[in-house]
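Undergrad: Structure below; questions to follow.
The values are calculated or read from the model by the stated rules, or taken from the named source; none is laboratory data. Treat the numbers as computed from the prediction; the structure is a model and nothing was measured. When we count neighbours, we look across all protein chains shown, and the Cβ atoms used for this are built from the backbone with ideal geometry, even at glycine.
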Amino acid sequence: MTSDVVSRIDALKAALHHHNYQYHALDAPIIADSEYDQLFQALLALEKAHPDLLTEDSPTQRVGSEPLAGFTQIQHALPMLSLDNAFNAVDIADFHERVAERLGQMHVRYCAEPKIDGVAISLLYEGGRFIRAATRGDGLTGEDVSMNARTIEAIPLVLQGDHFPDRLEVRGEVYLAKAVFNDLNQALIEQGEKPFANPRNAAAGSMRQLDSRLTAKRRLTMFAYSVGLVEGGNLPSEHYDLMQQLRVWGFRINPDIQQVNDAEGCQAYFDALAQRRAHLAYEIDGVVFKVDSLASQAALGFLTRTPRWAIAGKFPAAQGRTRVLDVEFQVGRTGAITPVARLDPVQVGGVVISNATLHNFDEIKRLGLHLLDEVIIERAGDVIPKVIRVAASARGLDSSPIVRPLQCPECQSELVQQEHEVILRCTNDLGCPAQQKERIRHFVSRLAMDIDGLGGKVVEQLMKAGLVHNAADLYALEFDQLVSLERFAPISAKKLIAAIDASKATDLSRFIYALGIPEVGEATAASLARAFPRLAALMAADEAALVAVPDIGPIVAAQISAYFNNTNNQRLIERLCQLGVVWPESDVLEAQPTPLAGQTWVITGTFDTFSRSALKTQLQDLGAKVAGSVSAKTTRLAAGREAGSKLSKAESLGIPVIDEAGLRSLLEQLP
Ligand code: IVH
């Protein structure tokens, strides 16, 4: 009986692997999707009934599994190199000349292929079975992303055909098709989240998900483009033939790979592909030319990071022409004001562009930009689209100058421009709702605390409802508070609470990044965490100690030091830790004094020098509980102008009342 089940399961697995191969590698399915689905369901049912017979290489195991705590590092057997760039015909001709000279040949055959805009991956197979996948990392060491790779259908779990080497490392590019990328961004925007800047970031972000179930939903695919380690077997002697062999073993190979001769052949391929670029289903940023003969490749060898036998011919940045409909001034998490041009939507290099950054107000002056001007915009690789220049002679009578803002568009406080700085800033750090919102959005973002389901719209809603004023408040949210909000069904409330809860266990570098210290990006946060494995030590570090950390200069050191010397930031960090945020080797921070601990405050009326929400946060940070109504338990009522019934109730109960001036002097005196 069991042996029957075993052979039935084996047959189903083999059939599904084969159909997967027909579909992805050959692009020639031989059965209908519904038939595939029937086989899949049959296998799923058998595996459910016989869980002991479930194996990792089963086609049913592509749905992802429990989140990992972190990625482990993998040393590449052979370094994963990058490519030198050729920006024009002369660069391509020079490349060919160098190659020909070194090889002592007049003519050289190349294999030309599209350069896919995705992320590199290394896949290891032993005995024809998928063993593990690694990212490129720094070229020498990558991260183990096997769980995520398994979810990608174009990555075979079991090789087809025969005569494959005992150990085989296949390398390629994981990417998202343009349509899939657009859908993903659309969905992110609808959820109020920040869309990915380009398909490459989307692919990289998806591969670095700790929860492979999320990766499984991203519809990633892959083209194989080379091999790394090869042991116990023979491979064809030319790159082009090697690609055909990889296809037979089950890998997806780009259909536009071609053999070409000399610089002329390379250039003709480049020109032809540039013509078709917008019509391809995926984003490319150029063409890769590789010396076809593997023996010649070996003879040419490589420089430190790039092979002498290959080059990337890069396409010029895609440009478009459109009209600036409006200019909005956005407030970032550090108060920086960024002008953003709202454009009449236009296709540039296959992507619809409707916004472009103008960086700062000086840039508007430099461009001489007026509203309703026609402009040339450019989208180059990973950069956000930008306005290059105003299209000459195109200014209409209806155009008007763009006025430099004097006040923050969100909190109306006066904008300042520091000496030697081009950036206009809102300096109302604590009171500006836009800054607060951006800080929280940054805190929850993918590379920071990675709280799913907390997009910009939800953050705004929570802030408007007075439930959240800073990042720490997220960890105090309760189910009942959420379900009372509009659009929050019990299921979504529960999900959000669970996501917030799950984010508590983090690592120090994410946590540092999440704080949103000016100038401290993901990489700097990682260096800081490495240099200061204990947060308390980082918080106490002076600028000299910070400058000693790799990649940190005096400007960044000053920002970091200023951030940690600010008592509001210290309280925020302390409260985050109190509310359960932890990381391995989490250090217990010296408790900050909480002078208002045990007190219950109520706030009423309007204040001139702070918003009610900022006041609430400040009181909470000092240890007070802030309640919504006055009762016998109230310690103190903070009453601004036009205080009404709460004031009379407090007076009738004999509860002390403090006005704005009194509050200010109290807050100044407290530590
Ligand atoms: S060959 C030494 N072929 O481009 C050989 N790379 O800048 C290096 N890429 O990290 C890789 N499409 O992720 C090769 N058809 C292709 C490629 C390709 C995209 C990426 C790859 C690599 C980067 C090199």
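Undergrad: Contact list please: Cβ distance under 9 Å, first residue in region 29-57 and farther than 23 Å from Arg129 by Cβ, second residue polar (S, T, N, Q) and surrounded by 11 or more Cβ atoms within 10 Å (Cβ to Cβ), pairs at least six apart or on different chains.
TA: Within 9 Å, the pairs are Pro29/Gln22; Ile30/Gln22; Ile31/Gln22.
Undergrad: Looking at the structure I just gave you, is Ala274 of a type outside the set (D, E, K, R), away from the ligand (no atom under 13 Å from the Cβ), surrounded by fewer than 16 Cβ atoms within 10 Å (Cβ to Cβ) and not in a loop (DSSP other than H, G, I, E, B)?
TA: yes
Undergrad: In region 207-248, what residues are assigned to a helix (DSSP H, G or I), buried (at least 21 other Cβ atoms within 10 Å of the Cβ) and more than 15 Å from the ligand (Cβ to nearest atom)?
TA: Ser212, Thr215, Ala216
Undergrad: Also, I was wondering about something else. Which residues, counting only those in region 527-568, are in contact with a Lys or Arg (Cβ under 9 Å, 6 or more places away or on another chain) and not in a loop (DSSP other than H, G, I, E, B)?
TA: Let us first name the residues in region 527-568 that are in contact with a Lys or Arg (Cβ under 9 Å, 6 or more places away or on another chain), namely 529, 549-550.
Passing the criteria: only Ala529.
Undergrad: On to the next question. Please go through region 150-166 and give me each residue that is among the polar types (S, T, N, Q) and within 15 Å of the ligand (Cβ to nearest atom), ordered by number.
TA: none
Undergrad: Can I ask one more? In the set Ile284, Ile337, which member is in contact with a helix residue (DSSP H, G or I) (Cβ under 9 Å, 6 or more places away or on another chain) and within 16 Å of the ligand (Cβ to nearest atom)?
TA: Exactly one of Ile284, Ile337 is in contact with a helix residue (DSSP H, G or I) (Cβ under 9 Å, 6 or more places away or on another chain) and within 16 Å of the ligand (Cβ to nearest atom), namely Ile284.
Undergrad: Inside region 80-149, counting only strands (runs of 3 or more DSSP E) that do not spill past its ends, which hold 3 or more residues that are more than 16 Å from the ligand (Cβ to nearest atom)?
TA: Correct list: 119-126, 129-135.
Undergrad: Moving to a separate point now. Find the residue count for region 473-531, including only residues that are under 29 Å from Leu546 (Cβ atoms) and not charged (D, E, K, R).
TA: Result for region 473-531: 25.
Undergrad: Looking for something closer than 29 Å to His442 by Cβ and more than 29 Å from the chain's Cα centre (by Cα) - is there at least one such residue anywhere in region 375-384?
TA: No.
Undergrad: How many residues does region 172-183 hold that are surrounded by 20 or more Cβ atoms within 10 Å (Cβ to Cβ) and in contact with a Ser or Thr (Cβ under 9 Å, 6 or more places away or on another chain)?
TA: Going through region 172-183 one residue at a time, the tally reaches 4.
Undergrad: Look through Glu173, Glu169 and report the one residue that is more than 13 Å from Asn148 (Cβ to Cβ), within 16 Å of the ligand (Cβ to nearest atom) and in contact (Cβ under 8 Å) with a residue 60 or more places away in the chain.
TA: Working: Glu173 fails: in contact (Cβ under 8 Å) with a residue 60 or more places away in the chain.
Result of the check over Glu173, Glu169: Glu169.
Undergrad: Which one of these does Thr617 not meet: (1) loosely packed, with under 14 Cβ neighbours inside 10 Å; (2) β-branched (Val, Ile, Thr); (3) modelled with pLDDT under 85?
TA: Failing condition for Thr617: (1).
Undergrad: Taking the conditions exactly as written (within 12 Å of the ligand (Cβ to nearest atom), over 29 Å from Asn261 (Cα atoms) and free of Cβ contacts under 8 Å to residues at least 24 places away in the same chain), does Asp183 satisfy them or not?
TA: Values: within 12 Å of the ligand (Cβ to nearest atom): no; over 29 Å from Asn261 (Cα atoms): yes; free of Cβ contacts under 8 Å to residues at least 24 places away in the same chain: yes.
Answer is no for this residue.
Undergrad: So how many residues does region 287-307 have that are closer than 22 Å to Val119 by Cα and near the ligand (Cβ under 10 Å from one of its atoms)?
TA: 8
Undergrad: Please work out if Leu188 is touching a Pro at 6+ places or on another chain (Cβ under 7 Å), more than 12 Å from the ligand (Cβ to nearest atom) and outside any strand (DSSP E or B).
TA: When the stated conditions are applied, Leu188 passes them.
Undergrad: Of the numbered conditions (1) of a type in the set (Ser, Thr, Tyr); (2) surrounded by 22 or more Cβ atoms within 10 Å (Cβ to Cβ); (3) farther than 20 Å from Thr55 by Cβ, Thr141 satisfies every one except a single condition; which is it?
TA: (2) is the only condition that Thr141 fails.
Undergrad: Right, next: Every residue in region 30-79 that is in a loop (DSSP other than H, G, I, E, B), among the aliphatic types (A, V, I, L, M) and farther than 22 Å from Ile155 by Cα, please.
TA: Residue satisfying the conditions is Ala69 alone.
Undergrad: Which of the residues spanning region 289-319 are surrounded by fewer than 21 Cβ atoms within 10 Å (Cβ to Cβ) and within 29 Å of Val180 (Cα to Cα)?
TA: Ala312, Lys314, Phe315, Pro316, Ala317, Ala318, Gln319, listed by residue number.
Undergrad: For region 43-64, enumerate the residues that are over 33 Å from the mean Cα position of the chain (by Cα) and over 20 Å from Gln22 (Cα atoms).
TA: Leu44, Ala45, Leu46, Glu47, Lys48, Ala49, His50, Pro51, Asp52, Leu53, Leu54
Undergrad: For region 650-671, which residues satisfy the criterion of being of a type in the set (D, E, K, R), part of a helix (DSSP H, G or I) and over 19 Å from Gly623 (Cα atoms)?
TA: Pass one, region 650-671, residues of a type in the set (D, E, K, R): 651, 659-660, 664, 668.
Remaining after also requiring part of a helix (DSSP H, G or I): 651, 660, 664, 668.
Scanning region 650-671 gives Glu651, Glu660.
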